[in-house]
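Here the structure is laid out as structure tokens; the discussion comes afterwards.
The values are calculated or read from the model by the stated rules, or taken from the named source; none is laboratory data. None of these values were measured; they are calculated from a predicted model. Neighbour counts are summed over all protein chains in view; Cβ atoms, including those assigned to glycine, are modelled from backbone coordinates with ideal geometry. Each accessible area value is taken on the protein alone, full model and side chains, heavy atoms only, with ligands, DNA and RNA left out. Shrake-Rupley method; radii C 1.70, N 1.55, O 1.52, S 1.80 Å.
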Amino acid sequence: ESYIGFVTRFLFGMGIGFQFPIVVLLLVKLGFLTTEQLAHYRRHVVVLSLVIGAVMTTPEVFTQVAMAIPLYLLYEVSIAISRYWDWKRRRAEAAAAHR
């Protein structure tokens, strides 16, 4: 019973965590967040990832960190994608200005 509870919470937490970059990228695309803001709040996301890992898993540190690391890496991927979008937008604007 405790194993099923752990697996259920872990899978639920990871499922929610994998939606986090989609929400972040949506907010960037809509203009509510900028790449600079995402980079500025990295430290906060590290702490938030560790807290989510602690809440969604057992009190064992290994599983908490095993959940926090992918969450943070996904945040970094979100930053990279938003930088790419920003670069692409600036390039398109520069090309339009030269026409």
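Side notes on the structure shown:
- Enumeration of residues in segment 1-48 that are under 16 Å from ILE79 (Cα atoms), of a type in the set (Ser, Thr, Tyr) and either modelled with pLDDT under 90 or open to solvent by 90 Å² or more (accessible area, probe 1.4 Å) (or both): TYR41
- Among the residues making up segment 38-63, those that are of a type outside the set (Val, Ile, Thr) and under 13 Å from the mean Cα position of the chain (by Cα) are LEU38, ALA39, TYR41, ARG42, ARG43, HIS44, LEU48, SER49, LEU50.
- The residue of segment 49-59 that is modelled with the lowest pLDDT, among those that are part of a helix (DSSP H, G or I) and farther than 16 Å from LEU73 by Cβ, is MET56.
- Test: residue in segment 60-78 that is in contact (Cβ under 8 Å) with a residue 40 or more places away in the chain, under 27 Å from TYR3 (Cβ atoms), among the hydroxyl-bearing types (Ser, Thr, Tyr) and surrounded by 12 or more Cβ atoms within 10 Å (Cβ to Cβ): yes
- Cβ-Cβ distances below 6 Å connect the following pairs, each with a first residue in segment 81-94 that is in contact (Cβ under 8 Å) with a residue 12 or more places away in the chain and among the acidic types (Asp, Glu), a second residue that is in a helix (DSSP H, G or I) and open to solvent by less than 100 Å² (accessible area, probe 1.4 Å), and a separation of six or more residues or different chains: ASP86/THR35.
- Verdict on VAL55 being open to solvent by less than 60 Å² (accessible area, probe 1.4 Å) and not small (Gly, Ala, Ser): no
- Considering residues of segment 82-91 that are open to solvent by 60 Å² or more (accessible area, probe 1.4 Å) and not aromatic (Phe, Trp, Tyr) only, the residue farthest from the chain's Cα centre (by Cα): ARG91
- Where a residue in segment 4-16 is of a type outside the set (Lys, Arg) and its partner, wherever it lies, is outside any helix (DSSP H, G or I), with Cβ under 9 Å and at least six apart: PHE6/THR57; PHE6/THR58; PHE10/THR57; PHE10/THR58; GLY13/THR57
- Hits in segment 69-99 - residues which are modelled with pLDDT under 90 and either in contact with a Cys (Cβ under 9 Å, 6 or more places away or on another chain) or closer than 20 Å to ILE16 by Cα (or both): PRO70, LEU71
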